[in-house]
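Worksheet: the structure to be examined is printed underneath.
The values are calculated or read from the model by the stated rules, or taken from the named source; none is laboratory data. The model shown is predicted, which means the values in this text are computed figures rather than measured ones. Cβ atoms come from the backbone with ideal geometry, glycine included; neighbour counts cover every protein chain shown.
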Amino acid sequence: MLLDDCRDRIRRLGYSIRTESAYLYWIKKFILYNNKVHPKLLDDTHVEIFLTNLAVNDNVASSTQNQALAAILFLYKQVLKLELDWIKGIQRAKKPIKLPVVFSKNEIQDIMCHLTGTQWTCAQLLYGSGLRLMECLRLRIKDIDFQYKRIYIRSGKGNKDRMSIMPDSLIPHLKVQIQKVDNLHKQDLKRGFGEVYLPYALEKKYKLANKELMWQYLFPSVKLSIDIRSQKTRRHHFSEKSVQRAVKQAINKSEIHKHGSCHTFRHSFATHLLQAGADIRTVQDLLGHKDVRTTMIYTHVLEMGFSGVVSPADLLK
């Protein structure tokens, strides 16, 4: 079956479970939209009509449209092994340039006051180190370097590794968190569990690594679960929905009328660093941006950009 071939290819290439779910969803939708005609018999016109339908009738965002296109291109290139000339001519949807929502420092403090436990620690890392939510939740014990006060982000967006700063104020809390993970891991081992998912082929290369403390998630799940790929009972990382829900509630309790989310902490991290005089190239490296122009969007929300500018309304008598 074609979808099974897609799934096997995705897993051989080491793609994440999220990418697997998204690609299979769009490939299936593309095939059903074309009345189950085999993709080999379709051309660029069918792809363009499908993408146009997503934008016009389904009203999806440009990022969603591009994700659907990426899935279709994966189908043709990686699964069907077809190098068709029309594939190169397909244009991706242009993303609109939007100014990021940024919390002020006072707003950050108000929000943190309404967070506790794991949700609080995660939010502190999102703001203090500029991490994306899933980058934070996928941190392992080994990625925390207290000696050099660094946090290592493995296989971030674009499958790139990078480093970020570790807030001094968070060091005691991170040490307590690691001790909690150690205690929980020992309990799991006594019960005959203690395994954790390892990326790529590390589980075969290092057969005992999946039970070592250093590979355990910094923010483990509250309960064991079955890995849908290996069918093994493991302790995965903490739920992102739990953090998202807690942050949303904290924003509402703080009576902050901004369309904020977990990702707003990352925007605030970059903006506040630039406000403090940090070099934009340094901020680019900390955020893991490929192009400095992506980082420069934060300069547009700085108050200093309007320094000395007086509204004409204030000049009226």
Worksheet item: Out of all the residues in region 4-23, is one or more farther than 25 Å from residue 158 by Cα, of a type in the set (A, V, I, L, M), surrounded by 13 or more Cβ atoms within 10 Å (Cβ to Cβ) and not assigned by TED's automatic domain parsing to the domain that holds residue 295?
Response: no
Worksheet entry | Subset tally (residues that are touching a residue at least 12 places away in the same chain (Cβ under 8 Å), loosely packed, with under 15 Cβ neighbours inside 10 Å and aliphatic (A, V, I, L, M)) for region 211-261 | 3
Practice prompt. Inspect all residues belonging to region 34-43 and state whether any of them is assigned to a helix (DSSP H, G or I), buried (at least 16 other Cβ atoms within 10 Å of the Cβ) and without any contact (Cβ under 8 Å) to a residue 40 or more places away in the chain.
Written response: no
Worksheet entry | Residues satisfying the stated conditions in region 54-85, i.e. more than 27 Å from the chain's Cα centre (by Cα) and surrounded by fewer than 13 Cβ atoms within 10 Å (Cβ to Cβ) | 56, 57, 81, 82, 83, 85
Discussion item. If residue 72 meets every condition in (1) closer than 20 Å to residue 95 by Cβ; (2) at pLDDT below 90 apart from one, which number is that one?
Written reply: (2)
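Do you know which of the residues in region 5-17 that are touching a helix residue (DSSP H, G or I) at 6+ places or on another chain (Cβ under 8 Å) and part of a helix (DSSP H, G or I) is nearest to residue 236 (Cα to Cα)?
11
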Discussion item. Can you find, within region 135-154, the residue that is farthest from the chain's Cα centre (by Cα) among those that are crowded, with 18+ Cβ neighbours inside 10 Å and more than 19 Å from residue 221 (Cβ to Cβ)?
Written reply: 151
Fill in: Those residues of region 250-297 which are among the hydroxyl-bearing types (Ser, Thr, Tyr) and over 30 Å from residue 116 (Cβ atoms), in sequence order
282, 294, 295
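Of everything in region 238-260, what is among the aromatic types (Phe, Trp, Tyr) and in contact with a His (Cβ under 6 Å, 6 or more places away or on another chain)? Give them in sequence order. I'd like the intermediate steps shown before the answer.
Residues of region 238-260 that are among the aromatic types (Phe, Trp, Tyr), as a first pass: 238.
Passing the criteria: none in range.
How many residues are in a loop (DSSP other than H, G, I, E, B) and modelled with pLDDT of 85 or more if we restrict to region 296-317? Write out each step before concluding.
Let us first name the residues in region 296-317 that are in a loop (DSSP other than H, G, I, E, B), namely 302, 307-311, 316-317.
If we keep only those that are modelled with pLDDT of 85 or more too, we end up with 316.
Total satisfying the criteria: 1.
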Discussion item. Looking only at helices (runs of 4 or more DSSP H) that lie completely in region 133-245, which have at least 1 residues being modelled with pLDDT of 95 or more?
Written reply: 133-137, 171-190
